[in-house]
Structure formats: C-alpha cells, structure tokens
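Participant: This structure is in structure tokens; I'll ask about it shortly.
The values are calculated or read from the model by the stated rules, or taken from the named source; none is laboratory data. Given the structure is predicted, the values throughout are model-derived calculations rather than measurements. Quick reminder, even Gly has a Cβ in these numbers, built from the backbone with ideal geometry, and neighbours come from all protein chains shown. Keep in mind that these areas ignore ligands, DNA and RNA; they rest on the heavy atoms of the full protein, side chains included. Shrake-Rupley method; radii C 1.70, N 1.55, O 1.52, S 1.80 Å.
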Amino acid sequence: MVKLEFKLEIGRSHPKPSRSPSPDSDRIPLVDRSSQSRPREDPASISLPPSPTSEHGDNNSNPLSSPNPKQHSYSKVSTSEHHPDNNNNDKASLVANGGPGGGGGKPEDGKSKKPEEPYTEFSPARRKFILSVITTAGFFGPLAGGIYLPALPVLTKEFNATPTAINVSVTVFMATFAVGPLFWSTFADWKGRRPLYLISLFIYVIANILLAAVPANYGALVFLRIVQAFGSAAVVSMGAGTVADITGPKRRAFAMSIFLMGPQCGPIIGPLLGGALAEADWRWMFGFLAISGFLLWALILFCLPETLRARVGSGRIYNESSRFFWPPRLSSPLAPAWERGPPPPKPTLKMYWNLFIYPPIGIVTVNTALLYSTYFAISVNLPIILSEEYNWRTVQIGGGFGAVGVALILGSLLGGRVSDWRRAGAVKKAPDGKVDPEFRLVDQIWGVLGCVGGTIMYGWVCEFKGHPALILFATFLAGFGMNWVFVTTTAFLTECVAQQAAGAFALGNLLRNPGAAIAAVLIPTLVESMGHGWCYTGLALLDLVVVGSAVIVLKQRCPGWRKEREAKMKAMKAKGGPGGPGGPGAKPGPRPG
C-alpha cells in the first residue's frame, strides 16, 4: 500500500503569500496517483483527518467545520489511504508534533491558551472603505423612491394622467423593492457578493438612463420604474451580509448601524434633491441617479474586493494585492479550500412563513406595516396638497419633506435611548436581573399616540386649509411616532427571536413595502370621496385600535407563547431533529477566519 502524504500550513503558521493570488491559488499541489486504479481526485476536496479530541472519531469528518474551531490548526495533515493502522499512526504523529497546532508544544489541557485567528484580515482602512461603499450603495434604492415624490404634480401634467395613475408608478416601485431581494437572495452563494453588486447596479443605471431619455410615455414610465426598483433592491440585503463578512460579532452592531444610515437617509435626502432637480426638468432626477449610480458602479468594479467568506475566507488572499484591480474581473479568485467558510443560507418562503406564524413576530410585523402605510399615505398626498392648495413650487415641496426627515432620525434615536434606559432600570430592580422581551412593547404606546395625533392633525388642517406650518408639524409628529414604534419593535425582536432576528427584519420589510404600495393607490380615491379630515381620521383610528390592542395582547400572551416555543425547540433537539445534536439539520460550526 502506497502512503501519500503532504503538508498543509494553516492557522497560525500559515505564511503570508509573497505575491498576488492567482485564480488557481486554491489548488494544492497534485499528487501522483497513477499507481492507483481509481480516478484521480482533486486534492483540495480530500477530507482532512478528525481532531484527536473529537468525540466521534469519524474519519471522514472535516475538522475545519467542527463545532470547536479553536482546535483545528494542523501543521501536518495526512491523506494516507485508510488502513487498519493508519488512524493510530495519524494520532501518534499528531501527538508527536504537539497535538493540534503542531510546533512541538504541549497538548491543550485547558490551561494553555492559543491565540485566536483574526476574524478578518482586511486592514482597518480597507474595512472602512468597504463599509463606506456599501453604505453608499444602500442609499441609492431609497433615494430613487424618495427623489420621485416632490415631482408627482409635475409628472401628472407631463404625462397627462390622474394623480391615482401617477401613484401607480410609486406603487409598483415599492412592491418591486419589497419582493426583489427574494430573487437576488437565491444567488447568495453564486461567485460572491461582488458580481451581484455589479449586475444589479448595472440594471439600475440602465433603467435611469432610459427614464431620462425616452419620450414621455406612461406605460414606459411604469415599466422602467419596476426595472429601477428591481436593480436597486439587491443592494440593501447584500450590504447587511457584507457587514457580517468583514466585522466580527463584538463590533457588528455598530458597523450595522453605520450601514443602515444609507437606507435611512435615502427618504430624507431624496425629496430635497427631487424638488430641486424637478424644478429645472423632471428628467434630471433620473439623469442624476444614472450618473451617480454609474460612478458607484465603476468604483465597485475597480476597487471593491470580494468579501463572501465562502469564497475568500478572512480575505487573506487580498493582503498583497493592489487596491486597484486591473484588469477588472466580475468574480474574485478563490481562497484555499481550508480557509473558506460555509455558503450563506438561502432564505426560503417556508422560513418566512414559519417566522410569521409565530404570534409575536406576526403581530408586530402587521403593526409596523400598518403604521408605515399610514405614513406613506401622508407622503404621497403632501406634494399634491402643497402644490394645489398652497401653490408651492417643486423645490419648496422638496424642502417640506425635511420636517419628516428630521422626525424619522429623532424618533429612532430617542425611542431607542428611552427604551434602553427604561429596560436598564427594570433590570436593576428585578431580583434575578432578567427582564422579559415584551417589556419593551409598553414603550410603543407613546409612538402610536404621536403617529395617531399627527395623522388626525394632518387630515383636518388640510381639510380647512390651515397654515402650511401646521401641516409640516403634523407630518413631523406622524414620522416621529412611527419610527419610535419601529425602533422598539426591532429591539423586541432581537430579544424575542435572537437567532432569527435577521429573518424577522426581512419579513417586516417584505410586508411594509406592499402596504405602502396599496396606500399610494387608494389614498387619492379615499380623499376624493371622504375628504382629507375623515380619511386620515379613519386611518389614525385604525392604527390606534389595531396597534394598541396588539400591544395589550402581546404583553399578556407573550410569556406563554415563548414557553411553548422553547418547549418545542427542546423537543426537537431531544429527538435529534433539525438543530438537535446529531439530527439531520445539525451542521458543524464554521471555522473562524
């Protein structure tokens, strides 16, 4: 029996590459297997031997994906043909070399600590650059939605359409922006994140060029708005994944908050830009989006590295590479096989459904969707009322959205601060130092009251043609209250379903945008038939009854629902089901770095 053996330098002893990686840098030098009858295998796919400290001793298990990643640095790995004595020889060799990690050191006895490998090997400057680029990219989708709103009266005249017909172009954008990420997420592990950024932004730029150049045709406007939303929908969901690629769990929340500033500033800055550009020519709105989108696309093409850990691991292959990629490539080279992490999970409709039918998630998701629909009903009506009743110019209408923008920021910051402050006080008073997740739901009532009060005030000030300052103050109250509820809802979800919080957030986005799309279509008809006063009073009362009663129900029933869910999860683990020890759904944890 011929024994084949080669050495892999990984973990702490892995040397820095002396030159830029090539597309074949993930290949291990081939070993001559001509003396064997079976077909030659790619050595990069050969299974590594099990860790000597493994509980299972499965000779086919891969230590790089074992649940205990700290014990997986081997300086010597044997791929000998299996023989009754080979397992013992492998173990003896490992012990002789100091156990896992090699170097002749003492085996791990729980006292000596090995330095952990860095989560990412991108330099701090490069991480800041990547975060800046994806934050800007996340800004463009909401920007395209917000920049359009002040121009609704202008577009109504240019396309010779009714306000309801023009609002359809808003509706299709919001609906596509909601469901588009479901399509892009199916390619989550296809050659990395970089190709999806480039492809989606290319579609976005082309749609804006056509919107700026083609003759004024209503059918073309609606179709191209769908394409525009589809191209920009991928960026927000991929950006959150990129943050997780380059930021360890300890600092991920702060990095995520920076990234979210992009999508949050889009609805604030968009109307201001839209009002100024539409004052000159409505086509310049789309021209601006096309030019700025192309500049971002070029920056990604020439400067943004791949970050998907299933493809480049911790990013070590970029250590010696230039910051400028020439010639540019759509996809990146692969890291060595032992450095790569597992592919990201693909969201499925079944996953979203299972989250939605868990009562706390389903209820708060419907609550936020209802409040966002009310806020959007004000946003699409505000340009019409300011233009027709107060004769405001387009640039003034764009400035009028500044009150809502400030309200959204303040509602988020103050709502989060107050909720955290109250929870910290409750933790100090609790005998065991624990506070139930639904404690945060009580804080929602203040946001609901603010949103309801602002909505009623907006309707009746518009009905009686009050001073425009009162209209802007009403929009401020509505936006402030809505975001106050959103931030407390988010905090509740992170504690209620901590392991699936990202899916819960995506589900909320999935329902909020269709709700806003429906509101945009219905509000002109409702205002015409009911008047502003009773229309918005009805929306406010609906919010008060539904959201207020939901808070009461959640406060009373959440403890029981949480216990039932925990019991089900324990039962699944006991039976060896998905997520249980040894169950078919159990997967070894990824190797860090």
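Participant: Return the equivalent ellipsoid semi-axes of region 505-552 as a descending list in whole Å, where each equals the square root of 5 times an eigenvalue of the C-alpha gyration tensor. Walk me through the numbers before you get to the answer.
Facilitator: On the way: eigenvalues 102, 60, 4 Å².
Three semi-axes, in Å: 23, 17, 5.
Participant: If you wrap region 426-563's Cα atoms in a convex hull and average its projection over all directions, what's the area in nm²?
Facilitator: Over every viewing direction, the Cα hull of region 426-563 projects on average to 10.0 nm².
Participant: May I ask for log10 I(q)/I(0) of region 239-383 at q = 0.09, 0.16, 0.19 Å⁻¹, from a Debye sum over the Cα atoms as equal point scatterers with solvent left out?
Facilitator: Treating every Cα as an identical point scatterer, log10 I(q)/I(0) equals -0.50, -1.17, -1.24.
Participant: What do you reckon, how do Cys265, Cys462 stack up by accessible area (1.4 Å probe), largest on top?
Facilitator: The ordering from most to least exposed comes out as Cys265, Cys462.
Participant: Could I ask something else about it? From the backbone phi of region 208-223, what are the Karplus-calculated ³J(HN,Hα) couplings (6.51 cos²θ - 1.76 cosθ + 1.60, θ = phi - 60°) in whole Hz, Gly and Pro given as x?
Facilitator: Rounded to whole hertz, the list is 5, 4, 5, 4, 7, 10, 6, x, 5, 10, 5, x, 5, 4, 5, 5.
Participant: Also: HN-Hα J couplings of region 307-314 from phi, Karplus 6.51/-1.76/1.60, θ = phi - 60°, integer Hz, Gly and Pro as x?
Facilitator: Values per residue, Gly and Pro as x: 10, 4, 5, 5, 10, 10, x, 7 Hz.
Participant: Let me ask something additional. Let me cross-check Leu210: its accessible surface, 1.4 Å probe, with only protein heavy atoms counted, in Å² to the nearest 10?
Facilitator: 70
Participant: If you project the alpha carbons of region 356-449 onto their three principal axes, what span does each projection cover, largest first, in Å?
Facilitator: Sorted from largest, the Cα extents of region 356-449 read 61, 30, 17 Å.
Participant: Could you state the principal axis extents of the C-alpha atoms in region 311-355, from the largest down, to the nearest angstrom?
Facilitator: Here the Cα extents, ordered largest to smallest, are 45, 24, 13 Å.
Participant: In the full protein assembly as shown, how much of Tyr375 is accessible to a 1.4 Å probe, in Å² to the nearest 10?
Facilitator: Near enough 30 Å² of accessible area.
Participant: So, one more: Which value, in debye to the nearest 20, gives the size of the charge dipole of region 344-476 about its Cα centre, when Lys and Arg are +1 and Asp and Glu are -1 at the Cβ?
Facilitator: Here the size comes out at about 480 debye.
Participant: Can you report the principal axis dimensions of region 387-438 using only the alpha carbons, biggest first, rounded to whole angstrom?
Facilitator: Here the Cα extents, ordered largest to smallest, are 61, 15, 12 Å.
Participant: Label-point separation (nm) for Arg417 and Leu299, each offset 7 Å from Cα along Cα-to-Cβ?
Facilitator: 3.0
Participant: Translational D (Stokes-Einstein, µm²/s) of region 371-507 at 4 °C and 1.567 mPa s when Rh comes from the Kirkwood sum over C-alpha pairs? Walk me through the intermediate numbers first.
Facilitator: Details: Rh = 16.3 Å.
Here the translational diffusion coefficient equals 80 µm²/s.
Participant: For region 134-228, report the convex hull volume of the alpha-carbon atoms normalised per residue, in Å³, without decimals.
Facilitator: Per-residue hull volume (Cα only) is 93 Å³.
Participant: If you don't mind, there's one more thing I want to ask. Could you give me D for region 289-363, from Stokes-Einstein at 10 °C and 1.306 mPa s, where the hydrodynamic radius is the Kirkwood radius over C-alpha pairs? Units µm² s⁻¹, please.
Facilitator: It diffuses with D of about 102 µm²/s by this estimate.
Participant: How big is the gap, in Å, between the Cα center of region 408-464 and the Cα center of region 164-216?
Facilitator: Cα centroid to Cα centroid, the span is 34 Å.
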